[in-house]
Amino acid sequence: MDKISFDFTNKTAVVTGGAQGFGLDITKRFLRSGAKVIIWDIDVKMLDKAIKNINNPNLSIKKVDVSNFKEVENSTNEILEETNIDILINNAGITGPTASLWEYDVEIWKKVVDINLMGTFNCCRSIVPNMIKNNYGRIVNVASVAGKDGNANASAYSTGKAAAIGLTKSLGKELADKNIAVNAVTPAGAKTRILDQMTKEHVQRMLSKVPRGRFLEVEEFTSLVCWLSSEENTFSTAAVFDISGGRSTY
């Protein structure tokens with residue numbers, strides 16, 4: 001589906017949660033477009049699998065828990081010793097269990113919000129100063145239609161993604177006088193491993209809300225992220241780009 005080509009030559013990108021799903025496809029597309037990519041992921045097995053399968057000298061990996069600010073800060077500084085960071089894709093996230101809010105485990109609720117919201121904050125907090133220094137940057141925060149609509153029995157995930165949308169709007173406005181774009185994307189359900197974390201009933205309920213009648217293809221999502229991450233995106237910032245197949249039309 002690579003009909004549109006993007007030029008990421010001499011650009012360095014950090015992709016969180018990049019060892020699988022959306023993040024892995026974005027990583028592959030960035031590499032094919034000439035970028036250097038660093039994947040941050042907590043899953044060591046998937047990281048090892050990714051770097052072996054892709055086998056590209058412009059790809060490097062690191063085990064990073066994005067909800068841990070010190071880990072993120074140290075990993076950022078390691079990169080900045082050698083190069084700048086031009087692109088940040090905040091893709092790491094977990095759905096958490098399917099449960100009513102009043103029955104939701106408190107510690108798990110906090111963990112889901114920590115990864116989906118604080119992970120996004122931690123990465124932006126660490127990397128943005130380098131972008132300001134260079135007066136260049138593209139940040140894409142992967143949110144969800146759940147953050148716009150609120151999914152029943154997914155309060156932690158919906159809350160974390162809604163908060164990430166709010167963060168995007170604030171940060172985008174703070175950086176609007178610079179050549180730095182900060183945008184969020186809100187996909188509906190897609191054919192990724194994240195569906196395996198949900199019950200069949202929950203997955204079917206998600207699908208029933210999509211007017212196009214199918215799940216999002218990963219390549220479709222990647223194309224949108226690539227444009228937002230490119231130099232061609234010179235005006236859009238602090239915005240939310242919907243890719244839900246007509247489910248959320250606002």
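Values quoted throughout were computed directly from the atomic coordinates according to the rules given, and no laboratory measurement underlies them. Everything numeric here is computed off the predicted structure, so don't read it as measured data. Ideal geometry is used to build each Cβ from the backbone, glycine not excepted, and the neighbour counts take in all protein chains shown.
Observations
- For the range 176-219, convex hull of alpha carbons as volume per residue, Å³: 120
- Across all directions, the average projected area of the convex hull around the alpha carbons of the range 12-243 is 12.1 nm².
- Per the Debye formula on identical point scatterers at the alpha carbon atoms of the range 82-204, with no solvent, log10 I(q)/I(0) at q = 0.12, 0.14, 0.15, 0.19 Å⁻¹ is -0.47, -0.61, -0.69, -0.97.
- Length-normalised contact order for the chain - Cα pairs under 8 Å, 6+ apart - percent: 20
- Residues in the range 79-89 carry Karplus couplings, in order, of 5, 5, 5, 10, 7, 8, 10, 8, 9, 10, 10 Hz; the curve used is 6.51 cos²θ - 1.76 cosθ + 1.60 with θ = phi - 60°, and Gly or Pro positions show x.
- Cut-off 11 Å between beta-carbons: net charge of the residues surrounding SER158, Lys and Arg +1, Asp and Glu -1: +1
- Burial ordering of SER100, SER244, SER33, fewest other beta-carbon atoms within 10 Å first: SER100, SER33, SER244
- Helical content alone sets the calculated 222 nm signal of the chain at -13000 deg cm²/dmol, taking -39,500 (n - 2.57) per DSSP H segment of four or more residues and averaging over every residue.
- Relative to the longest principal axis of the Cα atoms of the chain, the long axis of helix 44-54 makes an angle of roughly 60 degrees.
- Cross-link table LYS28/LYS49; LYS49/LYS200; LYS111/LYS191; LYS36/LYS63; LYS28/LYS111; LYS36/LYS133, entries beyond 22 Å C-alpha to C-alpha: LYS49/LYS200; LYS111/LYS191; LYS28/LYS111
- Exposure proxy ranking, count of Cβ atoms within 10 Å, fewest first, for VAL240, VAL140: VAL240, VAL140
- Couplings 3J(HN,Hα) for the range 25-36, derived from phi with the Karplus relation 6.51 cos²θ - 1.76 cosθ + 1.60 (θ = phi - 60°), are 5, 4, 4, 4, 5, 4, 5, 5, 9, x, 7, 9 Hz, where x marks Gly and Pro.
- The chain - charge dipole about Cα centre, Lys and Arg +1 at Cβ, Asp and Glu -1, debye rounded to 20: 440
- For ILE139, nonlocal amide neighbours, meaning residues 5 or more places apart or on other chains whose placed amide H falls under 5 Å from its own, are LEU88, ALA181, VAL182, ASN183.
- Integer Hz, Karplus 6.51/-1.76/1.60 couplings in order for the range 243-250, x for Gly and Pro: 9, 10, x, x, 5, 10, 9, 9
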